[in-house]
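The structure appears right after this line, and notes come after that.
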Amino acid sequence: MVERKLLVLFGSQTGTAQDMAERIGREAKRRHFQCRVEALDSCDVANLINELLVVFVCATTGQGDPPDNMKMFWRFLFRKNLPPGSLCQLDYAVLGLGDSSYPKFNFVAKKLHKRVLQLGGNPLLPVALGDDQHDLGPDAVVDPWLLALWDKILALYPLPPGLEIISPDVRLPPKYTLHYLAEDSLHPDGGLLQPTAPRAVPSELHPFAARVVSNLRVTAESHFQDVRLIEFDITGSGMTFSAGDVVMIQPQNCPEDVQQFCQLLRLDPDRRFVLKPTEPGTSLPALLPQPCTIRHLVTHYLDISCVPRRSFFELLSYFSTNELEREKLQEFSSAQGQEELYSYCNRPRRTTLEALWDFPHTTCAIPPEYLLDLIPRIRPRAFSIASSMLAHPDRIQILVAVVQYKTRLSKPRRGLCSTWLASLNPEQGDVGVPLWVKKGGMKFPTDPDTPVIMIGPGTGVAPFRAAIQERVAQGRRGSCLFFGCRQKSKDFYCQAEWEELVTKGFLMLFTAFSRDQEEKVYVQHRIQENRRLVWELLSSRSAHVYLAGNAKQMPAAVAEALQSVL
């Protein structure tokens with residue numbers, strides 16, 4: 001009897017691909033497969049030659065780049081010296097998740113499919129191209145593709161005699177079991193951050209707890225948008241960075257939400273527990289201490305403010321003791337109910353905590369060990385570093401627009417990370433913000449004579465502030481900045497700093513204040529007006545051009561302006 005083993009590997013940036021991979025894992029368990037679901041960079045790539053059946057689920061980020069947790073795998077897979085037939089015993093399928101509003105739509109999935117084919121793999125199906133832009137999201141493509149995939153897989157690996165597919169009415173066991181510790185070992189949360197190994201460079205698994213030195217609002221009080229310049233002390237962290245690099249910040253839920261969540265689920269926040277994997281070979285969540293309190297789990301790990309996915313409602317429906325609630329939850333998790341779910345969840349940006357409020361009978365029946373299957377972990381947020389180590393040693397500064405907006409729900413929507421950061425007061429106790437540094441996508445020229453044209457409207461100016469500080473510290477001139485905002489008096493970030501550098505001859509500055517006159521003026525108009533200078537910098541001085549900021553209409557408008565200049 002051939003072993004029925006399936007490996008599901010994912011490359012995920014925001015969690016969608018991971019969610020999809022876990023869904024395939026659940027469907028595999030219902031079909032009695034031994035199934036592992038792993039991030040591409042967590043598995044031993046060299047071992048791929050021994051695998052017989054693999055499903056790859058991968059997202060595409062940025063300009064056709066692979067997600068962070070598959071970068072090493074990607075480099076390995078494209079090594080020139082891999083023999084052409086090395087994957088000849090592998091049956092595989094690739095599921096891509098992308099967004100067709102980007103030019104390199106599902107680039108990673110297409111390229112992966114082609115490369116595995118080159119190495120001798122046998123594709124069970126054509127690559128699936130899930131699209132965020134579709135009215136029903138990626139599921140429109142994924143649902144029918146998965147049905148076809150299981151037909152193919154079951155033809156190769158039929159169910160063992162006497163076994164049936166486990167019915168969708170039966171709930172699968174949780175990934176972990178949760179064991180409460182005896183009451184007498186109660187004690188409140190210890191240090192919230194696990195002490196990092198000495199001299200380990202801070203990373204996602206070992207973040208550095210940075211103290212907030214200052215938290216300044218850089219927009220006028222009367223301006224609708226609250227933007228902060230926040231400075232962290234990273235003395236002794238061993239972190240280094242250069243202009244264009246990114247700081248990753250691990251946010252936490254606010255105490256009110258944590259308290260509400262614990263009340264809804266009837267959990268005691270001070271109870272301590274340990275986790276044990278249900279199946280041997282499953283690793284424990286790396287970011288949770290053992291033992292852990294419920295409060296720590298809900299504050300630092302469970303993303304109770306994210307918009308819940310379809311899989312959340314599917315699992316929730318199993319706990320429901322209430323007929324009406326169960327029917328609604330089943331509808332939300334069915335293929336037919338996706339439009340309904342979209343208008344309940346995605347359009348108004350309803351949070352997981354708010355969804356739990358709406359299903360009170362079900363919520364109080366959730367077994368605690370299912371929490372880690374039900375709610376994803378809080379993802380770190382990326383910010384462009386807005387300062388240079390040469391100007392501010394042992395410091396990192398970021399420019400943060402505090403996310404807050406209205407939907408049809410009565411409570412305004414708030415960004416988890418920006419709201420938390422804005423609330424931190426350097427005067428009140430030392431709050432440690434867990435962070436680490438990551439290489440960014442922007443590299444500035446090493447040749448001191450190469451001029452740099454930077455186009456950074458709004459908070460897009462952040463990485464350019466780092467670059468300009470770095471260049472000034474190195475005594476370089478030839479920095480040219482196009483900055484845009486609404487009004488000179490309201491949201492002209494770092495105005496004094498720029499004006500001083502202009503006076504000293506380090507900076508050429510062109511500003512567009514869109515609302516300060518009748519007709520709106522944007523950075524692209526300033527590029528057109530200064531076309532002689534732009535052309536001169538590009539043609540005779542080989543300037544480099546950089547662009548950062550909002551990804552809606554601005555990049556296309558700027559590209560068009562540059563084309564017309566040329």
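A few notes on this one:
- Remark: pairs (first residue in region 318-332, assigned by the TED database to the domain that holds T363; second residue in a loop (DSSP other than H, G, I, E, B) and open to solvent by 90 Å² or more (accessible area, probe 1.4 Å); Cβ separation under 7 Å; 6+ apart in sequence or on different chains) = Y318/R171.
- Scope region 510-538; condition assigned to a strand (DSSP E or B) and open to solvent by 40 Å² or more (accessible area, probe 1.4 Å); matching residues: F510
- Members of region 104-155 that are open to solvent by less than 50 Å² (accessible area, probe 1.4 Å), more than 25 Å from S343 (Cβ to Cβ) and not aliphatic (A, V, I, L, M): F105, N106, H113, R115, G120, G121, P123, W150
- Considered as a group, the residues in region 33-44 that are open to solvent by less than 60 Å² (accessible area, probe 1.4 Å) and more than 24 Å from the chain's Cα centre (by Cα) include one that is farthest from A109 (Cα to Cα), and that residue is F33.
- When each of P280, P308, P251, P291 is tested for being closer than 30 Å to P393 by Cα and out of contact with any Asp or Glu (no Cβ under 8 Å at 6 or more places or on another chain), the lone residue that passes is P251.
- Only one of the numbered conditions (1) aromatic (F, W, Y); (2) open to solvent by less than 20 Å² (accessible area, probe 1.4 Å); (3) part of a helix (DSSP H, G or I) is not met by F483, and that is (3).
- Scan of region 91-103 for residues that are out of contact with any strand residue (DSSP E or B) (no Cβ under 6 Å at 6 or more places or on another chain) and either open to solvent by 50 Å² or more (accessible area, probe 1.4 Å) or of a type in the set (A, V, I, L, M, F, W, C) (or both), ordered by number: S101, Y102, P103
- Selection within region 119-150 - in contact (Cβ under 8 Å) with a residue 24 or more places away in the chain, part of a helix (DSSP H, G or I) and closer than 20 Å to L7 by Cβ: V142, W145, L146, L149, W150
- So P360, is it open to solvent by less than 40 Å² (accessible area, probe 1.4 Å), of a type outside the set (S, T, N, Q) and either modelled with pLDDT of 95 or more or over 17 Å from R414 (Cβ atoms) (or both): no
- With respect to the stated conditions, T419 fails to be crowded, with 20+ Cβ neighbours inside 10 Å, outside the structural domain of E27 (by the TED database) and out of contact with any helix residue (DSSP H, G or I) (no Cβ under 6 Å at 6 or more places or on another chain).
- Condition met for L507 (open to solvent by less than 40 Å² (accessible area, probe 1.4 Å), over 35 Å from the mean Cα position of the chain (by Cα) and of a type outside the set (D, E)): no
Condition check ((1) surrounded by 18 or more Cβ atoms within 10 Å (Cβ to Cβ); (2) aliphatic (A, V, I, L, M)) across all residues:
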position	(1), (2)
P426	no, no
G456	yes, no
A462	yes, yes
Q474	no, no
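- Close pairs (7 angstrom Cβ cut-off, 6 or more residues apart or separate chains): at negative phi in region 39-63, in a helix (DSSP H, G or I) and of a type outside the set (A, V, I, L, M, F, W, C) anywhere: A39/N69; L40/N69; D41/N69; D41/K71; A59/T16
- Residue check: D184 meets all listed conditions (1) modelled with pLDDT under 95; (2) within 30 Å of R271 (Cα to Cα); (3) assigned to a loop (DSSP other than H, G, I, E, B) but one, namely (3).
- Residue list for region 391-417, restricted to those being over 16 Å from R349 (Cα atoms), in a loop (DSSP other than H, G, I, E, B) and under 21 Å from the mean Cα position of the chain (by Cα): V402
The values are calculated or read from the model by the stated rules, or taken from the named source; none is laboratory data. Being a predicted model, the structure only gives us computed values, none of them experimental. Heads up, the Cβs are rebuilt from the backbone with ideal geometry, glycines too, and the neighbour counts pull from every protein chain shown. Please note that ligands, DNA and RNA were not included when accessible areas were found on the heavy atoms of the full protein model with its side chains. Shrake-Rupley method; radii C 1.70, N 1.55, O 1.52, S 1.80 Å.
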